[in-house]
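**Student:** One structure coming up, written as structure tokens, with questions to follow.
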Amino acid sequence: MKPPGHRLCDAFLIARSVVDQVAGRQVPPPWEMPLSAVLEHTKRVLPELQIDLQRRDFAADQVASALFRYPQRALILYAGSLNICWRRFALCKELAHLLIDDKGGRHFSTDGEAIISELITQIPHLEPESEMSSEMVTVLIAMEILLPWRQRRALLETSRLHSDAHLALRCRVPEKFIHHLLHTDYLPFSQSLNERLDGEAQSSFDGMRDGNAVLYGRALLGES
């Protein structure tokens, strides 16, 4: 049986809701999106779960991160050999799994660069209502949280003055993020979708309190 998919537009909406809760509506958000605040937001959204992060000494080229979800606990493991930028991505991706998947299970992440490249290749050929696998959606959510659209708009103004490596270090994201999000077909695609959502988001956000990111996304889409 084919596993249930997640809509592309839902991924953007969930990421935007997390960014709005973590950074407020500051324009642009902080250079470095605070991962600790993303973790605390996830804990507020899922108060029934005890979420633990643990460093392990396995090689990052074998397992970069893993998530084990139980009825009342979620354990996220990450490779100690990851640099700070890839570690932030790996942890944010596993937190995204908690936000979109409401059932127990296990997730393992290996080659971050390969899966990001695969996602970027697919995106321009998809529609907002297109369904994607849980793994691809969490990659997208992590990218949109760690380097959100409002931040990218600001980066576009300075990208000609600084190298991708400089911007990546400043934002604490993998250099691959900067390349794909600013210099590929992902840029106009995400720009079009985010600008379409900007007007819809304001009225919904103003009436929302901290809550489940999925419910926030459904509210923006006019769903019950």
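None of the figures in this text is laboratory data; all of them are computed from the coordinates on show. All of these numbers come straight from a predicted model, not from anything done at the bench. Counting neighbours? That spans all protein chains shown, and the Cβs are built from the backbone with ideal geometry, glycine included.
**Student:** Hey, what do the phi angles of the stretch 93-98 turn into as Karplus ³J(HN,Hα) couplings, whole Hz, using 6.51/-1.76/1.60 and θ = phi - 60°, x for Gly and Pro?
**Tutor:** So the Karplus estimates, Gly and Pro as x, are 4, 5, 5, 4, 4, 5 Hz.
**Student:** A further question on this structure: For the stretch 6-210, give the magnitude of the charge dipole about the Cα centre (Cβ charges: +1 Lys/Arg, -1 Asp/Glu; no others), in debye to the nearest 20.
**Tutor:** Using only the charged Cβ atoms, the result is roughly 620 debye.
**Student:** Then there is this: Taking amide H atoms as placed 1.01 Å from N in the peptide plane, list the residues 5 or more away in sequence, or in a different chain, whose amide H sits under 5 Å from that of Arg73.
**Tutor:** Sorted by chain and number, the residues that satisfy this are Gln50.
**Student:** Which of the peptides 82-95, 116-129 is most tightly packed, and how do the rest follow, going by the mean number of other Cβ atoms within 10 Å of each residue?
**Tutor:** Going from most to least packed, we get 82-95, 116-129.
**Student:** I'd like the distance between the alpha-carbon centres of the stretch 167-201 and the stretch 50-126, rounded to an integer number of Å.
**Tutor:** Taking the Cα centre of each part, the stretch 167-201 and the stretch 50-126 sit 20 Å apart.
**Student:** How do the peptides 174-185, 137-148 rank, highest first, by the average count of neighbouring beta carbon atoms within 10 Å per residue?
**Tutor:** 137-148, 174-185
**Student:** A further question follows. Volume per residue, Å³, of the convex hull around the alpha-carbon atoms of the stretch 6-210?
**Tutor:** So the per-residue Cα hull volume is 111 Å³.
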